[in-house]
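The values are calculated or read from the model by the stated rules, or taken from the named source; none is laboratory data. Everything quoted here is computed from the prediction, not taken from an experiment. Because the Cβ atoms are built from the backbone with ideal geometry, glycine has one as well, and the counts that use them run over all protein chains shown.
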Amino acid sequence: MNAEWVNIGFIRKPHGLQGYLRVQSLSDVPDRFTGLNQISIEFQDGHRETHDIETCRPDRDTLLIKFEGIDTPEEVARLRGAYLQVPLTQAAPLPEGTFYVFEMIGSKVVSEEEEAIGVVREVISMPANDIIVVDTPAGELLVPAIQDVVLKISPEEERIVIRLIPGLIV
């Protein structure tokens, strides 16, 4: 799947009376928002806006961000539930052997014996490990994203190879 934009934050709610908003970072890169002057916002209906960042600072487990020209809680309220995005070309580099979720969505899933299993619909983040949700002809298959099960992820081929351990497919 080709994506042009990468989600790096989710707008939770307004904060205070001066146009700040509380943002949940979706990036594993601690300083992802440092040095950003402008950001794209994608709303739930799919339309997009670009805003200049006036200030951005960490606050507990979230970020407080203020955009230039947005100065009231009412103006911020319309942004609630939107995603903060950067172009794919500005995506933070990942360590070897790690992948962005968008790189896996739409990938074909096959067994290590090359048997077709299905297509990745989504990846669910869980405390112990991520879960790859695969649509198969028999229904939904939940695949734990662990080394013993997921043998190879190849975004360039849009292909994931898994080991069919006992109990995975019933």
Options 71, 28, 45, 52: the member that is closer than 14 Å to residue 15 by Cα and acidic (Asp, Glu): 71
Top-ranked residue in segment 147-167 [being under 19 Å from the mean Cα position of the chain (by Cα) and not in a strand (DSSP E or B); ranked as surrounded by the most Cβ atoms within 10 Å (Cβ to Cβ)]: 158
Long-range neighbours under 6 Å by Cβ, at least six apart or interchain, first residue touching a residue at least 40 places away in the same chain (Cβ under 8 Å) within segment 24-51, second loosely packed, with under 12 Cβ neighbours inside 10 Å and not small (Gly, Ala, Ser): 40/50
Filter pass, residue 123 being farther than 19 Å from residue 151 by Cβ and surrounded by 17 or more Cβ atoms within 10 Å (Cβ to Cβ): no
Criterion: loosely packed, with under 13 Cβ neighbours inside 10 Å, more than 30 Å from residue 143 (Cα to Cα) and not polar (S, T, N, Q) - qualifying residue of 96, 115, 74: 74
When residues of segment 156-170 are limited to those that are β-branched (Val, Ile, Thr) and out of contact with any strand residue (DSSP E or B) (no Cβ under 7 Å at 6 or more places or on another chain), the one farthest from residue 139 (Cα to Cα): 165
Criterion: without any contact (Cβ under 8 Å) to a residue 60 or more places away in the chain and under 20 Å from residue 33 (Cα atoms) - qualifying residue of 70, 124: 70
Verdict on residue 134 being under 15 Å from residue 26 (Cβ atoms), without any contact (Cβ under 8 Å) to a residue 60 or more places away in the chain and buried (at least 16 other Cβ atoms within 10 Å of the Cβ): no
Top-ranked residue in segment 72-108 [being closer than 17 Å to residue 7 by Cα and of a type in the set (D, E, K, R); ranked as nearest to the chain's Cα centre (by Cα)]: 103
Any hit, segment 58-71, residues being over 18 Å from the mean Cα position of the chain (by Cα) and aromatic (Phe, Trp, Tyr): yes
Residue among 110, 120, 133 that is of a type outside the set (Phe, Trp, Tyr), within 23 Å of residue 166 (Cβ to Cβ), at pLDDT 95 or above and in contact with a Gly (Cβ under 7 Å, 6 or more places away or on another chain): 120
